[in-house]
Amino acid sequence: MDTIILGIESSCDDTSAAVIRNGVLLSNVVAGQAVHEAYGGVVPELASRAHQQNVVPVVHEALRQAGVTKEQLSAVAFTRGPGLMGSLLVGVSFAKGLARSLGIPMIDVNHLHGHVLAHFIQEKDAPRESPRFPFLCLLVSGGNSQIVLVKAYNDMTIVGQTIDDAAGEAIDKCSKVMGLGYPGGPIIDRLARQGNPKAYTFAKPHIAAYDYSFSGLKTSFLYSLRDWLKEDPDFVEHHKEDLAASLEATVVDILMNKLRKAAKDLKIKEIAVAGGVSANNGLRNAFREHAKKYGWNIYIPPFGYTTDNAAMIAMTGYLKFQDKEFCSIDLPAYSRAIL
Ligand code: KG4
């Protein structure tokens, strides 16, 4: 019998629903929220309200595109956390209500596990190679920067993580102080392609073991920019490509140095990258260069699975379904969690 999982993701500012049948993705619908652009960041209350408006049409569309009815579903998987509590509550409550009304199991998913397990999503007519266990996953998003040791789909250990800001957060904040817009990641990525990565030098942290820190870089960027703006009020306009390229190169360098160290010490050559920042072209190129130089087998997700999406939640739900890892209806959402 087919196993058909509906996944629902609402941890931040994307409402998403996806359907997976026997591990193969049938649909993945994502509704973004333009309402936050005017504020230069996600406004939790507005995000929660937008999820309420979006969740029914998005789930409806995911089922329609997949060509399945809700009565055919085997289970409903949902992001339980971490994320914004008001946003999570919309998806969690909807998923529980739907599963209960259909009399099928509900499966709670850790959003971060979802990002890592996005590497196991299979698409119809386009088979992809998945990482072999054990592998290392560099998980980089707006809220997290971690190196994760993945021994099995349900056995993950954080080897290193940021002690302050996440990589995406640092990029977004630097973009904001330059007045470039929100979210900064894709803008910096686009500008960086036309700039010189060696034009400017910013502070790099000296942190123990495999941990990261990005707050020093953010401050260094801000102070340097202040000085340059005193000399030339149009400094950003004149140098935005070089600023973006140098910022991106610094972030990528910090990320890869620790990942390289972890891979060497743990003797692992299966290396994956996941999360919103894994869409970054500089980081993707650095992965390709490391694969050549160090013999790594690298796993870079398709762009659609880098930022928040329900395909990864449905995939994780599918894997948990095999082990009957269901949850009860009284399980609450959580905003903060370790992996
Ligand atoms: O995983 P994600 O969608 O949300 C969570 O934080 O969970 O990641 C969002 C982050 C933002 O900081 C955004 O600026 C960054 O990913 N991002 C990028 C790119 N696309 C998205 N950063 C660098 N280059 C990109 N192309």
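FYI, it's all coordinate maths here, none of it is from the lab. Keep in mind the model is a prediction, meaning the values are calculated, not measured. In this analysis, Cβ positions are derived from the backbone assuming ideal geometry, glycine residues included, and neighbour counts consider all displayed protein chains.
Phi-derived couplings, Karplus 6.51 cos²θ - 1.76 cosθ + 1.60 at θ = phi - 60°, listed residue by residue for the range 225-232: 4, 4, 4, 5, 5, 5, 6, 9 Hz, with x used for Gly and Pro. When each of Met156, Met312, Met85 is scored by the number of other beta-carbon atoms lying within 10 Å, the sequence from fewest to most is Met85, Met156, Met312.
In terms of other Cβ atoms within 10 Å, Tyr305, Tyr212 run from fewest to most in the order Tyr305, Tyr212. Packing here is the average count of other Cβ atoms within 10 Å per residue, and on that basis the peptides 126-133, 197-204, highest first, run 197-204, 126-133. Listed values for the range 234-246 are Karplus-derived 3J(HN,Hα) couplings in whole Hz (6.51 cos²θ - 1.76 cosθ + 1.60, θ = phi - 60°), namely 9, 4, 5, 4, 6, 10, 4, 5, 5, 4, 5, 5, 5, and x replaces Gly and Pro.
Residues Cys174, Cys327 in ascending order of nearby Cβ atoms (within 10 Å, fewest first): Cys327, Cys174.
Note on Ala337/Asp234: beta-carbon distance plugged into 1/(1 + (r/R0)^6) with R0 of 45 Å gives a FRET efficiency of 0.50.
Listed cross-link partners Lys267/Lys320; Lys176/Lys292; Lys173/Lys230; Lys151/Lys292; Lys176/Lys267; Lys176/Lys204 are compared with a 32 Å cut-off, the Cα-Cα value being larger for Lys176/Lys292; Lys176/Lys267.
Could you calculate the contour length gain from Gln72 to Lys267, that is, 0.36 nm times the residue separation minus the distance between their Cα atoms, to one decimal place in nm? Mind dumping the intermediate values first?
Values: separation 195, 0.36 × 195 = 70.20 nm, distance 4.43 nm.
Residue separation times 0.36 nm, minus the Cα-Cα distance, leaves 65.8 nm.
Of all beta bridges DSSP finds with both residues in the chain, what is the antiparallel percent, to the nearest 5? For the chain, the DSSP antiparallel bridge percentage is about 60. Backbone geometry of the range 83-97 corresponds, through the Karplus equation with coefficients 6.51, -1.76 and 1.60 at θ = phi - 60°, to 3J(HN,Hα) couplings of x, 7, 4, x, 6, 4, 4, 5, x, 4, 5, 5, 4, 5, x Hz, x marking Gly and Pro. Amide hydrogen proximity for Gln161: with H placed 1.01 Å from N in the peptide plane, the residues at 5 or more positions away or on another chain lying under 5 Å are Ile147, Asp211, Tyr212. Computed over the chain, the per-residue total of -39500 (n - 2.57) for DSSP H runs of n ≥ 4 gives a 222 nm mean residue ellipticity of -14000 deg cm²/dmol, rounded to 500.
Mind giving me the FRET efficiency for Asn285 and Thr219? R0 is 22 Å, r the Cβ-Cβ distance, nearest 0.05 is fine.
Rounded to the nearest 0.05, the efficiency is 0.25.
Multiplying the sequence separation of Glu325 and Lys204 by 0.36 nm and subtracting their Cα-Cα distance, what value in nm do you get?
39.3 nm
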